Amino acid sequence: MRLPGTQVALLEAASATETKTIAQLADELEEDPAAVTRAAFELADEGLLDVEEHVAEEVALTAEGERYRGAGLPERRLHEAALEVGADGEPAEMGRLVEAADLDGEAVDIALTNLARKGLGEIDGGAVLADPEARDDDPEAEALSAVAEGSAGYLDAGVLDRLESRGLVERTETTVRSVTLSDDGVTALMEGVEAAETVGQVTPELLTSGDWEDVEFADYNVEADAETVDGGREHILRQTADRVKDVLVGMGFREMEGPHADAEFWINDCLFMPQDHPARTHWDQFGLDVPPMESIPEDLLAGVENAHREGVGEDGDGYHSPWTPEVAKQVDLRGHTTSLSMRHLSGEAAGDLEPPQRYFSVEKVYRNDTLDPTHLLEFFQIEGWVMAEELSVRDLMGTFAEFYEQFGITDLEFKPHYNPYTEPSFELFGEHPETGELIEIGNSGLFREEVLRPLGVDCDVMAWGLALERLLMLMYGFEDIRDVHGTLCDLELLRDVEVVH
């Protein structure tokens with residue numbers, strides 16, 4: 001019997017009494033697993049091999065899981081630190097223990113949450129009381145080591161579920177194929193098999209030389225595994241951003257563009273945000289060590305300063321708080337794209353504008369937030385405003401209803417809110433399609449006179465800042481925006497997600 005070389009080698013390596021996996025045989029033959037799989041299916045079609053398939057689960061540590069395997073779980077470290085300072089008798093101040101356990105950022109919240117869950121201690125009034133009787137062994141810590149050593153198959157499913165929910169392990173399912181020699185395969189080997197020279201595809205060389213007439217072509221097996229090739233595609237976030245732009249342009253809006261790094265004057269001062277406001281510290285925004293921006297028109301600078309110091313109109317009072325041009329000219333990464341709105345409303349970006357006007361942007365902003373399922377250090381904001389006479393909250397709410405309806409979202413809820421720059425103001429909420437939880441998706445209102453008059457605007461302006469990533473969550477059911485954005489991005493999810501039109 002004449003067979004292709006890979007098939008002959010596979011027949012000779014297979015056993016009638018011992019089941020071997022494709023991966024084992026590929027290693028043994030030093031062949032590509034895809035080629036061995038293809039040969040196995042071809043031999044199975046000839047009745048010379050039996051191929052069996054089963055689904056196996058693979059468990060691997062994430063980067064966070066690997067880190068905790070070496071340094072210890074945050075809750076165990078906090079518990080050990082508490083015992084070392086005697087917090088098993090008298091409660092110890094939490095900050096002291098956090099420092100002793102070398103915890104920071106998100107690890108602190110993780111430690112406090114799981115300390116109580118595991119019964120390692122109690123937290124009351126900012127102090128921790130550790131339980132000295134808590135067991136030294138920790139199934140979750142032991143499971144991390146077991147996963148790293150390849151022994152996850154012996155672990156309790158509940159422990160693995162917990163580690164997966166904490167983002168410490170990843171579980172994937174793979175199809176494992178195993179082969180054994182059939183009776184016909186044994187007979188064929190006993191009678192003798194001969195390797196035939198075969199080719200898998202027609203090449204220019206075969207055609208020009210005429211050798212194609214003398215070679216044997218391998219059969220094409222449509223059931224055999226092929227190499228996975230992931231082509232490039234547009235990110236789901238970019239698709240949604242483009243869809244938002246199409247919708248807003250269809251509603252009569254024009255797009256704004258502007259600098260990512262801008263003067264505090266445009267980012268905060270024009271918005272009637274006092275210079276000593278907590279949100280203007282380094283805790284909330286990113287300041288840049290660059291020369292101050294000197295290109296701010298002097299008349300605008302003076303008008304905004306006067307609004308801060310004295311207020312606007314007969315009833316205006318201002319803040320009577322420190323205000324200096326030096327602070328206004330400092331350069332930051334913009335924390336919202338409302339800096340673009342200020343540039344346009346003042347006439348600085350596009351010249352003097354006469355009502356009615358509609359403008360929008362879908363641009364990236366930067367904030368010093370704590371990372372969690374709904375917050376990132378950088379994200380996209382859907383900025384928009386309408387300039388017209390006699391605008392009201394009903395106009396604003398109607399605009400949102402029309403906009404979100406284009407994305408299948410009709411269950412908006414509105415909540416009164418305070419902003420230094422709008423009055424009245426309200427936040428928008430939408431219901432998450434999977435969890436049923438209300439998700440904040442934006443902030444809005446009508447700009448105050450203290451914002452508009454220094455810019456030379458004499459009519460009403462309604463404005464908003466909406467979160468593109470939150471819109472994505474409501475459209476696709478994502479529960480964590482880090483699945484689609486950033487270093488923890490789920491590439492398989494992005495490759496497979498269905499595009500919503």
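Side notes on the structure shown:
- Sites listed here are GluC sites (Glu not before Pro) in region 76-149 whose DSSP assignment is loop and whose Cβ has at most 15 other Cβ atoms within 10 Å: GLU133, GLU149.
- Simple rule: put +1 on each Lys or Arg Cβ and -1 on each Asp or Glu Cβ in the chain, find the dipole, and look at ILE382, ALA9, ASN114; the Cα lying farthest toward the positive end is ILE382.
- Pairs of alpha carbons in region 116-271 whose separation is greater than 27 Å (percent): 72 percent
- Rounded to the nearest 20 debye, dipole of region 63-169 from Cβ charges on Lys, Arg, Asp, Glu: 240 debye
- Kirkwood hydrodynamic radius of the chain, Cα pairs, Å: 28.6 Å
- Counting all C-alpha pairs of region 237-496, share separated by more than 23 Å (%): 52 percent
- Once exposed loop trypsin sites (Lys or Arg not before Pro) are cut out (DSSP; at most 15 other Cβ, 10 Å), longest piece of the chain: 234-501
- Rounded FRET efficiency, nearest 0.05, which uses the C-beta distance separating GLN239 from ASP184 and R0 of 51 Å: 0.45
- Most positive-pole-ward Cα, ASN443, PRO454, VAL55, against dipole of the chain from beta carbon charges: PRO454
- Where labels lie 7 Å past Cα in the beta-carbon direction, separation of GLU80 and ALA23 in nm: 3.3 nm
- Volume per residue of the convex hull around the Cα atoms, evaluated for region 97-173, comes out as 118 Å³.
- Region 367-425: GluC sites (Glu not before Pro) falling in loop per DSSP and having at most 14 other Cβ within 10 Å: GLU389, GLU390
- Pairs beyond 31 Å (Cα-Cα), from LYS118/LYS364; LYS364/LYS415; LYS329/LYS364: LYS118/LYS364
- Counting neighbouring Cβ atoms within 10 Å and putting the fewest first, the residues ASP161, ASP262, ASP137 line up as ASP137, ASP161, ASP262.
- Distance between the C-alpha centres of region 49-92 and region 110-130: 17 Å, rounded to the whole angstrom.
- Counted as membrane-span-like here are DSSP H helices of the chain whose alpha-carbon atoms extend 20 Å or more along the helix's own axis and whose Kyte-Doolittle mean is -0.5 or above; these are 236-250.
- When each of MET462, MET475, MET387 is scored by the number of other beta-carbon atoms lying within 10 Å, the sequence from fewest to most is MET475, MET462, MET387.
A short reminder: the numbers here are calculations on the coordinates, not readings from a lab. None of these values were measured; they are calculated from a predicted model. Every residue, glycine among them, receives a Cβ derived from its backbone with ideal geometry; neighbour counts consider all protein chains shown.
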